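Visitor: Okay, handing you the structure first.
The values are calculated or read from the model by the stated rules, or taken from the named source; none is laboratory data. Here the structure is a predicted model, which is why all the values come from computation and not from measurement. No Cβ is skipped: glycine too gets one built from the backbone with ideal geometry, and neighbour counts run over all protein chains shown. The accessibility values were calculated without ligands, DNA or RNA, using every heavy atom of the protein model including side chains. Shrake-Rupley method; radii C 1.70, N 1.55, O 1.52, S 1.80 Å.
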Amino acid sequence: MQIFIDEIERRTPAGIAAAIGRMIRTGQLAPGDRLPTVRQFASELGVSPATISHAWQALSGIGLIASRGRSGTFVLEQAPQWLPARSQSMAGHQQATRVDLSRGTPDPLLLPALGPALSRVSQRAVTPSYQDFPVIPELLAVLIESWPFPAESITVVDGALDAISRSLDQVTRFGDRVIVEDPGFPPFFDLLDQLGVERIPVPVDEHGIEPAAFAAALELSPAAVILQPRAQNPTGASMTAERAEELAGLLAGSEAAAHTIVIEDDHSGEISIAPDVSLGRWLPGRVLHVRSYSKSHGPDLRIAALGGPARLVDRIVARRMLGPGWTSRMLQTILYELLTNGESIAQVSEARRIYFARQKALADALNEFGLGVHQADGINTWLAVPDERDAIVQLAAAGIRVAGGSSFLASDSASDRPGSFIRVTAAAIEGDVAPIARAIAIAARPPGPGAHSLETRWT
């Protein structure tokens, strides 16, 4: 297999890794191609074997290549086909790395302890009747009290995506249009594709969906809007009450969107620093609000609440009765205990404070390096880069893994996309943020004197 030596501009681990990454992305290197041995390639390039070894480690760490022992090192095949299309690029990699900022998951050490809640769960998984009301009364009371608007009906489902999927099943049909945030959460796009629904991408700013673009999209008579009111994934933007009121006003005043339903995914809930907000405050009959407890209380709880007009929520409940029936009342009891126990409440509050501090530290450090970023809410930060793959590879060479931005962009056409980006899970940054911020700044700035100066300081 011929490696194109002249395409490797910088003969450093990061430069070599970036060049090989570009060859893989453009198809010059195909899945299954065998790479030269470390010593062979080092000799051809005139560098030390350690330099090639570090480059190979960077590419392996982001899942582009894999070593097969004495057989050699090969370009990896595609991700598992059982994963939905965009979820393949979010699957992550099992190889160890120094700092993994790609996952988009909460810090496990900041989740509330389950021990006290588990101790109060019944020792037997019983329920009086299969036709009992699907939400335990004590949890329902807590949900009603904390809901951002007076919802006619509230139920509990198996996580935020379960809620979004079941909501879309009720309000969309094949060929409908749905407004989505751009950038947005990739599984939403996969879900809409499987339903045969057309996406209408609408850009977001630091306060959420942009009103002018939203108004234009409403003229296309969408069946639904999917939005994230707080700690938007991937940007970390949180909607203000003023922005929510403006969007609600545009929706209420649009004849073309007279039947459009808003589906809100409040996935970060109690770890968000922003006040609770929902378009349901102004349009309670047209909003399905989802509140997930995965990021605040534990992803493996697989539990979320869904509330809105009874005509929609009750249909979702009825359909679930012909499938899973209800979300385990044992899990509901655990959630109730976590939401009402003083120690658990304090732990979640402390997690929110720590996430805020980590986001602030990263934003301050990136601004010191001249990037000019807004502090994000929740656990993720969204950054523009000159080239997504090059940035990923450069950071991998520094022992830092981030998520590529392309899967978060709503348009399928590369020409319609606003640029290249990476998503950084700031929530995973512990300790001194400066070296990480410096490495990100190097990857996020175009080549030039400024970038060279930063790279010199990093090394």
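Visitor: Anything in segment 199-236 that is closer than 19 Å to Leu251 by Cα and either in contact with a Cys (Cβ under 7 Å, 6 or more places away or on another chain) or of a type in the set (Asp, Glu) (or both)? List them, or say none.
Guide: Result: Asp205, Glu210, Glu219.
Visitor: Hey, among the residues in segment 161-196 that are modelled with pLDDT of 95 or more and of a type in the set (Gly, Ala, Ser), which one's farthest from Val277 (Cα to Cα)?
Guide: Ranking the qualifying residues of segment 161-196, first place goes to Ser165.
Visitor: Is it true that Leu288 is within 25 Å of the chain's Cα centre (by Cα), over 21 Å from Asp107 (Cα atoms) and open to solvent by less than 10 Å² (accessible area, probe 1.4 Å)?
Guide: Numbers: within 25 Å of the chain's Cα centre (by Cα): yes; over 21 Å from Asp107 (Cα atoms): yes; open to solvent by less than 10 Å² (accessible area, probe 1.4 Å): yes.
Yes: the conditions hold for Leu288.
Visitor: Looking at segment 308-335, which of its residues are out of contact with any Gly (no Cβ under 8 Å at 6 or more places or on another chain) and open to solvent by less than 10 Å² (accessible area, probe 1.4 Å)?
Guide: Taking segment 308-335 and keeping what is out of contact with any Gly (no Cβ under 8 Å at 6 or more places or on another chain), we get 310-312, 314-335.
Hits for segment 308-335 are Leu312, Ile316, Arg320, Gly325, Thr327, Gln332, Leu335.
Visitor: Is there any pair with a first residue in segment 43-70 that is aromatic (Phe, Trp, Tyr) and a second that is in a helix (DSSP H, G or I) whose Cβ atoms are under 7 Å apart and which are 6 or more apart or on different chains, and what are they?
Guide: Trp56/Val38
Visitor: Quick check on segment 383-395. Is at least one of its residues in a helix (DSSP H, G or I), out of contact with any helix residue (DSSP H, G or I) (no Cβ under 6 Å at 6 or more places or on another chain), aliphatic (A, V, I, L, M) and at pLDDT below 95?
Guide: Looking through segment 383-395, at least one residue is in a helix (DSSP H, G or I), out of contact with any helix residue (DSSP H, G or I) (no Cβ under 6 Å at 6 or more places or on another chain), aliphatic (A, V, I, L, M) and at pLDDT below 95.
Visitor: If I ask for residues that are of a type outside the set (A, V, I, L, M) and crowded, with 23+ Cβ neighbours inside 10 Å, which ones from segment 192-233 would you list?
Guide: The answer is Gly208, Phe214, Pro222, Gln228, Pro229, Arg230, Gln232, Asn233.
Visitor: Cβ contacts < 6 Å: first residue in contact (Cβ under 8 Å) with a residue 60 or more places away in the chain, restricted to segment 137-148; second residue assigned to a helix (DSSP H, G or I) and open to solvent by 40 Å² or more (accessible area, probe 1.4 Å), any location; separation 6+ or different chain. Result?
Guide: Between residues of segment 137-148 that are in contact (Cβ under 8 Å) with a residue 60 or more places away in the chain and residues that are assigned to a helix (DSSP H, G or I) and open to solvent by 40 Å² or more (accessible area, probe 1.4 Å), the close pairs are Glu138/Tyr336; Leu139/Tyr336.
Visitor: Looking at the structure I just gave you, is Ala248 more than 24 Å from Thr172 (Cβ to Cβ), modelled with pLDDT of 95 or more and either crowded, with 24+ Cβ neighbours inside 10 Å or out of contact with any Cys (no Cβ under 9 Å at 6 or more places or on another chain) (or both)?
Guide: Judged against the criteria, Ala248 is not a match.
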